[in-house]
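First up is the structure itself, then whatever we jot down about it.
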Amino acid sequence: MNSNLLFDFTVNKENMTIEIKREFNASLKLVWQAWTTSELLDQWWGPQPWRAETKTMDFRVGGFWLYAMVSPEGERHYARTNFISIVTEKSFASKGGFSDENGTINPAFPVNLWENNFIEVGDKVRVDMLLTYDSLADLETEIEMGFKEGMTVDFQQLDELLLTLTK
């Protein structure tokens with residue numbers, strides 16, 4: 001993979017946020033589709049050997065994405081994210097966390113507000129992500145669960161998917 005792609009990951013415990021900046025070597029349209037289309041999300045979201053499997057996705061303000069993280073043995077852990085705002089090919093925000101298979105959020109796990117901004121930088125696209133947590137404990141739990149490592153693998157998988165889609 002292209003190691004020259006920007007990847008910044010900053011934890012701010014005082015503000016209870018994680019800020020991620022990541023470049024992708026693809027068009028804005030393609031990167032946007034990869035983040036907002038369940039058929040593409042299922043191909044890169046979730047660090048291998050786990051995989052995402054969408055149960056339902058309604059990408060509109062007021063809609064939601066309900067999906068399972070599926071292990072190689074078939075074990076399922078569900079998550080739901082509710083879409084709060086969407087500006088096509090510019091930004092979207094959502095709030096969510098782990099849930100049951102019907103989409104009821106599990107309060108025993110962290111919930112966050114996730115804001116994504118898509119910015120063209122030359123022939124690349126940078127996605128600026130800001131995750132805001134309700135408590136420092138939630139932020140620390142997310143980090144302890146391997147969030148940075150998981151996102152690192154997810155982004156590598158997205159790089160590979162974008163490469164195949166641009167051929």
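The values are calculated or read from the model by the stated rules, or taken from the named source; none is laboratory data. These numbers come from a predicted model, not from an experiment. Here the Cβ is made from the backbone with ideal geometry for all residues, glycine too, and neighbour counts use every protein chain on show. Calculation scope for accessible area: heavy atoms of the full protein, side chains included, ligands and nucleic acids excluded. Shrake-Rupley method; radii C 1.70, N 1.55, O 1.52, S 1.80 Å.
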Legend entry - Set of aspartates and glutamates near Lys124 by C-alpha distance (under 17 Å), chain-local residues within fewer than 8 positions excluded: Asp8, Glu23, Glu89, Asp159, Glu160
Inset, instruction - Choose one answer from Glu144, Glu120, Glu19: the residue with the largest mean-square fluctuation in a GNM of the chain with alpha-carbon springs under 10 Å. - result: Glu144
Inset, instruction - Select from Asn112, Asn82, Asn15 the residue whose mean-square fluctuation is largest in a Gaussian network model of the chain (Cα-Cα springs shorter than 10 Å). - result: Asn15
Inset, instruction - Among (1) 0.94; (2) 1.00; (3) 1.05, find the value of Rg/Rh (Cα atoms, Kirkwood Rh) that was calculated from the structure presented, and write down its label. - result: (1)
Inset, instruction - Leaving out ligands and nucleic acids, note down the accessible area per residue over the chain with a 1.4 angstrom probe, in whole Å². - result: 52 Å²
Inset, instruction - Assign one of three labels to the range 21-61, namely rounded, prolate or oblate, based on the Cα gyration tensor with a ≥ b ≥ c the square roots of its eigenvalues; rounded applies when a/c is under 1.5, prolate when it is not and a/b is larger than b/c, and oblate otherwise. - result: oblate
Inset, instruction - Just tell me which lysines come within less than 16 Å, Cα to Cα, of Lys148; anything on the same chain fewer than 8 places away is out. - result: Lys13, Lys21
Inset, instruction - Would you compute, from DSSP H runs of 4+ residues alone, the mean residue ellipticity of the chain at 222 nm, taking -39500 (n - 2.57) per run and dividing by the full residue count, rounded to the nearest 500? - result: -8000 deg cm²/dmol
Inset, instruction - Obtain the nm distance between the two label points defined at Lys167 and Asp42 by a simple spin-label model: each point lies 7 Å from its Cα along the Cα-to-C-beta direction. - result: 2.2 nm
Inset, instruction - List every DSSP H helix in the chain whose Cα atoms extend 20 Å or more along the helix's own long axis and whose mean Kyte-Doolittle hydropathy is at least -0.5. - result: 147-165
Inset, instruction - Using 0.36 nm per residue of separation minus the Cα-Cα distance, give me the extension gain between Lys29 and Thr141 in nm, one decimal. - result: 36.9 nm
Legend entry - the range 95-151 and the range 1-48: distance between their alpha carbon centers, rounded to Å: 11 Å
Inset, instruction - In a Gaussian network model over the chain where Cα atoms closer than 10 Å are linked, find which of Ala79, Ala68, Ala137 has the largest mean-square fluctuation. - result: Ala137
Legend entry - Carbon plus sulfur fraction of accessible area for the range 46-167, probe 1.4 Å, in percent: 52 percent
